[in-house]
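Q: The following block contains the structure, expressed as structure tokens.
The values are calculated or read from the model by the stated rules, or taken from the named source; none is laboratory data. Source: prediction; values computed, not measured. With ideal geometry, Cβ positions are generated from the backbone for all residues, glycine too; neighbour counts draw on all protein chains shown. Heavy atoms of the whole protein, side chains included, go into the accessibility calculation; ligands, DNA and RNA do not. Shrake-Rupley method; radii C 1.70, N 1.55, O 1.52, S 1.80 Å.
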Amino acid sequence: MIDQVTIGRIQDAAQIVEVVSDFVTLRRRGVNYVGLCPFHEDRTPSFSVSPTKNICKCFSCGEGGTPIHFVMKHEQLTYYEALKYLAKKYNIEVIEKEYTDEERQAQSDRESMFILNEYARDYFEKILHTHPEGKAVGLSYFRERGFRDDIIKKFQLGYSLEQRDAFSVEAQKAGYKQDYLLKTGLSMGGEQGRPLVDRFRGRVLFPVHTLSGKVVAFGGRILKKVENTGKYVNSPESEIYSKSSELYGIYFAKSAIVKQDKCFLVEGYTDVISMHQAGIENVVASSGTALTGGQIRAIHRFSENITVLYDGDAAGINAALRGIDLLLEDGMNVKVVLLPDGEDPDSFAKKQNAESFHKYIQENESDFIRFKTELLLEQVGDDPIKRAGLISNVVESISLIPNSIKRSVYAQECSLLLNMDERVLINEINRIRKRNYERKRDQKEKEAARSEARGDTRANGGNGAGAAANASFGTPKGVPVTPANPYERYELAILRYVVRYGNTPLYRKFEEQKRGEGGKVIHENVLVEVGPGVTEFIHFDLDRDKIQFTHPLYLQMFEEACEHMTDAQFESPRYFLSHPDPSVSKLASELISDRYHLSKIHAKILGEEEGDKDSRLLEENLLNSHVPRATTELKNAYVLQKIKEVTEKLKTSEPVNHLSLISELKQLQEIKKVLSKELGERIVLRY
Ligand SMILES: [Zn+2]
């Protein structure tokens, strides 16, 4: 598939800050960068990116890793797909050998679906621009709508012919399997050997892109009047497409959203395209559905500020009001712009250029809470019951805002608008917040109880071998909570030193020497002794007690480190982080990045940058005591386990064996005593 040399080039080229920045807005903090974590509902930036270590890590949910891990997790790609993604980003040529039938079969379904969608996008585009029907019907429709050719190209718009199976036949001729044609929803039918038909026939097509520009779905608009068909038909949900988590236009909008620190939200495909044409590129569409949490997080990662554009009709506004509460709850600053009567963003943008459009926005943008309050006030008139309903409706929205200062500003403003005592509003807001909190807590408890009843062990599933073997990222926090055997956690603790410090000496001994030279006395620290390297020491110390790692992945990593333990140039962290086996590099990144956690206290005192450096220095100076302690702890675990076993045996075995068992037990107790003493005192290698 991809040769090792190319993988190495990709790993060297991929810069974590650049890779993450394509999906998350990062701010510099000291030597690192921080941003909102894309893997959990993050409201304060928990996601830390370290350019020097070339890894990322979420303090809160524990996700992260190398650039490859990040892309795998974020874009839901396999290891292989992630490599290809990064190769493309960094213009690294990937020479792939021809697939055999077997390999083709082995390719993941997801990848096949993406490849097919790409083929379909190109096919429909070609039809639009070169086929007589495509030009006469599709292209002329787009031009009539006023779309410029460069915009039609940019959004990769296409056309699907009227002929009921034109695409399906062509795609099958090109070697695409019926299975994937059906799974992507591009084709329908095919039962009992019947031929496939096209889903989008006679429609112009809008490809829907992911954040990274892959086509996950199509939206098709019909041009003729046909009974019993919707104006728009979309790809069905599939393994690669979940309607509720995609935003139309996000791929084209993300950098403009960051630059302007603002995102416009509209409803449809053509709204997005017309606004781009008018020069406003920070715009996405929810494609008609109410906004979902996933969509909001996708926007929030790039900006806190969102402005929703509505066409003037009241029905539309009222329906949209509910979706907005989710935005408030996520801590976004929500504004609303009503377009002039009879205009939608599409038609309005056509009459504007970027400058006049922005001017209109500026003059007509109003804060959402104020907008909602005024709108409802207009609707309820003087009816006191309706008025009470209105107040609780507005208060519900305010109480969702996570920031307490913002909440109190709104309470103040609304008390004026509603002509009410501010304190009454604040009390009501607090009551609702308490109620919401309790509801959430109860729900969580119920879920926990349910998962316990199911015997759900996901929460403490082993990290290393299990999750790592298939290179998934399921387990938070890196370190297994319940190890499968009593040794694994000690093995992991030892491996941590191996990966982080490799051949760093356990200690260096200096001696102060005074040298008189022409009457001058010079003090000089002279290196007189260097301790063994970390890996070398561990190898020696465990080997003499015949102890081997039990965890297969830890064992593999330790043995690889041992192969290099006499090589002075060997850089252990780099070696493991760029390891071709993703389960190895993933674990390495976890072991290396927990330095962040260690340094938290120091960071508080010294500032983040200093703290990080400081804890590293601190630990490096203590290797001499910490590493022998880690190996002793593992030995201790073996002795304790052995004692347990012998005690059990003593209970069940024949009396003739008792004597020898008791003597064995005695011996073990002696060893235990020695080890405990060592662990109780501080073990320091003598020098
Ligand atoms: Zn997170």
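Q: Please work out if residue 405 is surrounded by 13 or more Cβ atoms within 10 Å (Cβ to Cβ), assigned to a helix (DSSP H, G or I) and at pLDDT below 90. So that I can check it myself, show each step before the final result.
A: Details: surrounded by 13 or more Cβ atoms within 10 Å (Cβ to Cβ): no; assigned to a helix (DSSP H, G or I): yes; at pLDDT below 90: yes.
Taking the combined requirement at face value, the residue does not satisfy it.
Q: State yes or no: is residue 155 touching a strand residue (DSSP E or B) at 6+ places or on another chain (Cβ under 6 Å), closer than 21 Å to residue 122 by Cβ and open to solvent by less than 10 Å² (accessible area, probe 1.4 Å)?
A: no
Q: Something else now. Is it the case that residue 84 is open to solvent by 50 Å² or more (accessible area, probe 1.4 Å), assigned to a helix (DSSP H, G or I) and touching a residue at least 12 places away in the same chain (Cβ under 8 Å)?
A: yes
Q: Still on this model: Does segment 335-343 contain any residue that is among the acidic types (Asp, Glu), open to solvent by 60 Å² or more (accessible area, probe 1.4 Å) and within 19 Å of residue 311 (Cβ to Cβ)?
A: Yes, the conditions are met somewhere in segment 335-343.
Q: For segment 427-462, how many residues meet the condition of being at pLDDT 85 or above and either basic (Lys, Arg) or farther than 20 Å from residue 404 by Cα (or both)?
A: 5
Q: Okay, next question. Being out of contact with any Asp or Glu (no Cβ under 9 Å at 6 or more places or on another chain), open to solvent by 30 Å² or more (accessible area, probe 1.4 Å), small (Gly, Ala, Ser) and touching a residue at least 40 places away in the same chain (Cβ under 8 Å), is that true of even one residue in segment 227-236?
A: no
Q: Now, a different point. Go through (1) at pLDDT below 90; (2) within 23 Å of residue 338 (Cβ to Cβ) one by one and return the number of the condition residue 269 breaks.
A: (1)
Q: For residue 141, which of the numbered conditions (1) crowded, with 20+ Cβ neighbours inside 10 Å; (2) hydroxyl-bearing (Ser, Thr, Tyr); (3) in contact with a strand residue (DSSP E or B) (Cβ under 7 Å, 6 or more places away or on another chain) fails to hold?
A: With (1) crowded, with 20+ Cβ neighbours inside 10 Å; (2) hydroxyl-bearing (Ser, Thr, Tyr); (3) in contact with a strand residue (DSSP E or B) (Cβ under 7 Å, 6 or more places away or on another chain) applied to residue 141, the lone miss is (1).
Q: With respect to residue 50, is the statement that it is modelled with pLDDT of 85 or more, in contact with a strand residue (DSSP E or B) (Cβ under 9 Å, 6 or more places away or on another chain) and open to solvent by 50 Å² or more (accessible area, probe 1.4 Å) true?
A: Working: modelled with pLDDT of 85 or more: yes; in contact with a strand residue (DSSP E or B) (Cβ under 9 Å, 6 or more places away or on another chain): yes; open to solvent by 50 Å² or more (accessible area, probe 1.4 Å): no.
The answer is no for residue 50.
Q: Could you figure out which of (1) under 30 Å from residue 278 (Cα atoms); (2) touching a residue at least 12 places away in the same chain (Cβ under 8 Å) isn't true of residue 195?
A: With (1) under 30 Å from residue 278 (Cα atoms); (2) touching a residue at least 12 places away in the same chain (Cβ under 8 Å) applied to residue 195, the lone miss is (1).
Q: Quick check on segment 57-81: of everything there that is of a type in the set (A, V, I, L, M, F, W, C), open to solvent by 10 Å² or more (accessible area, probe 1.4 Å) and within 16 Å of the ligand (Cβ to nearest atom), which residue is nearest to residue 583 (Cα to Cα)?
A: Here the residue is 72.
Q: Any residue in segment 35-52 that's within 11 Å of the ligand (Cβ to nearest atom): show its pairings with residues that are of a type in the set (Ser, Thr, Tyr) and not in a loop (DSSP other than H, G, I, E, B) at Cβ separation under 8 Å, as long as the two are six or more apart or on different chains.
A: Final answer for the pair search is 48/33; 48/596.
Q: For segment 373-396, does any single residue satisfy the condition of being in contact with a Leu (Cβ under 8 Å, 6 or more places away or on another chain), outside any helix (DSSP H, G or I) and at pLDDT 85 or above?
A: So far as segment 373-396 goes, no, none of its residues is in contact with a Leu (Cβ under 8 Å, 6 or more places away or on another chain), outside any helix (DSSP H, G or I) and at pLDDT 85 or above.
Q: Tell me which residues, restricted to segment 4-34, are at positive phi and within 15 Å of the ligand (Cβ to nearest atom).
A: Going residue by residue through segment 4-34, those that are at positive phi are 30.
Correct list: empty.
Q: In segment 205-220, is there at least one residue being open to solvent by 40 Å² or more (accessible area, probe 1.4 Å), closer than 29 Å to residue 140 by Cβ, of a type outside the set (A, V, I, L, M, F, W, C) and touching a residue at least 24 places away in the same chain (Cβ under 8 Å)? Give the steps one after another, and end with the answer.
A: Our first condition is that a residue be open to solvent by 40 Å² or more (accessible area, probe 1.4 Å); within segment 205-220, this holds for 214.
Restricting the remaining residues to those that are closer than 29 Å to residue 140 by Cβ gives none.
Checked segment 205-220: no residue is open to solvent by 40 Å² or more (accessible area, probe 1.4 Å), closer than 29 Å to residue 140 by Cβ, of a type outside the set (A, V, I, L, M, F, W, C) and touching a residue at least 24 places away in the same chain (Cβ under 8 Å).
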